[in-house]
């Protein structure tokens, strides 16, 4: 009897592990394939898959439906590879926070979202739950998130924007399609993102992408502060961010 079959006959956690183990070997798979390979009854497998889908650990698509890993699993996989990146970037965040007095953030992409994975604060930090480590936002919402979108492959922009607009319309009404497209263009021309009073009134942010040796964006560093603190010191903040961007990318080579 296979390991998957044995797991399938165990407790609830064993059954979830059996499905995850199977999907890590090959996916997407139909319900019948998952049931057969794990030894789970179809009804049991479907109940587990429905629960995992509701929590974004599994994605279901097509007709008949096929199942594969969802964005939460992607986020966990990304997180497991990030300690080295956080360690590498943290000195840069410390320097930026000390120079600016504001909040310096490190963000990475997970599917169509940006996740804040590290944060350093200066002596003039703003208080906002939206800036905590672990915070997720649709790509394009926020300076760091916009940098991840702007330097993502252009072929993905339209699809990402559709998803962002569908999720952010109510919470971030200022982020229209026109604004997102305009900010992508400006970011590519300038080499950095600057958002003022766009995502949240009276707040602003500046961000630079971090790219790997192949030119693929893997993260973004940003400063978030009151609007006037960003606008009045734009040149200083841009220089600091671009200096740290260059420093980090050299270390990644």
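Here, each number is a calculation from the coordinates, and none is a lab measurement. Predicted model only: the values in this text are computed from it and were never measured. Cβ coordinates were reconstructed from backbone atoms using ideal geometry, including for glycine residues, and neighbour counts include every protein chain displayed.
Residue 25 to residue 181: extension gain in nm, 0.36 nm per residue of separation minus the Cα-Cα distance?
Length difference between fully extended and current span is 52.3 nm.
Beta carbons within 10 angstrom, averaged per residue: use that to sort the peptides 94-104, 148-158, 217-227, highest first.
Going from most to least packed, we get 217-227, 94-104, 148-158.
Using the alpha-carbon centroid of each, what span in Å lies between segment 48-74 and segment 237-253?
Here the answer is 38 Å between Cα centres.
State the label only: which of (i) 66, 36, 35; (ii) 53, 43, 42; (iii) 60, 36, 28 corresponds to Cα extents along the principal axes in Å computed from the shown model?
So the calculated entry is the one marked (i).
Please work out whether segment 211-253 counts as rounded, prolate or oblate from its C-alpha gyration tensor, where a ≥ b ≥ c are the square roots of the eigenvalues and a/c under 1.5 means rounded, while otherwise a/b larger than b/c means prolate and anything else oblate?
Details: a/c = 3.85, a/b = 2.37, b/c = 1.63.
It is prolate, given that a/c is not under 1.5 and a/b is the larger ratio.
Go ahead and run the numbers for FRET between residue 126 and residue 33, Cβ-Cβ distance against an R0 of 35 Å, rounding to 0.05.
Values: r = 50 Å, r/R0 = 1.43.
Efficiency at R0 = 35 Å is approximately 0.10.
Indicate the gyration tensor shape class of segment 3-69 (rounded, prolate or oblate), computed on the Cα atoms with a ≥ b ≥ c the square roots of the eigenvalues: a/c under 1.5 is rounded; otherwise a/b larger than b/c is prolate and the rest oblate.
On the way: a/c = 1.57, a/b = 1.41, b/c = 1.12.
Here segment 3-69 falls in the prolate category.
Taking 8 Å as the Cα distance limit and 6 or more residues as the minimum spacing, I'd like the relative contact order of the chain as a percentage.
Contact order relative to length: 13 percent.
Compare the peptides 241-247, 191-197, 55-61 by average per-residue count of other Cβ atoms within 10 angstrom and give them in order, highest first.
191-197, 241-247, 55-61
Please work out the Cα center distance from segment 197-214 to segment 121-174, rounded to the nearest Å.
Segment 197-214 and segment 121-174 have Cα centres separated by 8 Å.
Applying 1/(1 + (r/R0)^6) with R0 = 51 Å to the Cβ-Cβ distance of residue 251 and residue 54, what FRET efficiency is obtained, to the nearest 0.05?
0.80
Angle between the Cα long axis of helix 154-168 and the longest principal axis of the chain, 0 to 90 degrees, nearest 10?
Around 90 degrees separate the two axes.
For the pair residue 159/residue 242, report the inter-label distance in nm, with labels modelled 7 Å from Cα in the Cβ direction.
For the pair residue 159/residue 242, the computed spacing is 3.3 nm.
Once both labels are modelled 7 Å past Cα along the beta-carbon direction, what's the residue 76-residue 44 spacing in nm?
Once both label points are built, they end up 2.0 nm from each other.
When a/c is below 1.5 the answer is rounded, else prolate if a/b is larger than b/c, else oblate, so apply that to segment 139-253 with a ≥ b ≥ c taken from the square roots of the Cα gyration tensor eigenvalues.
Cα axes put segment 139-253 in the oblate bin.
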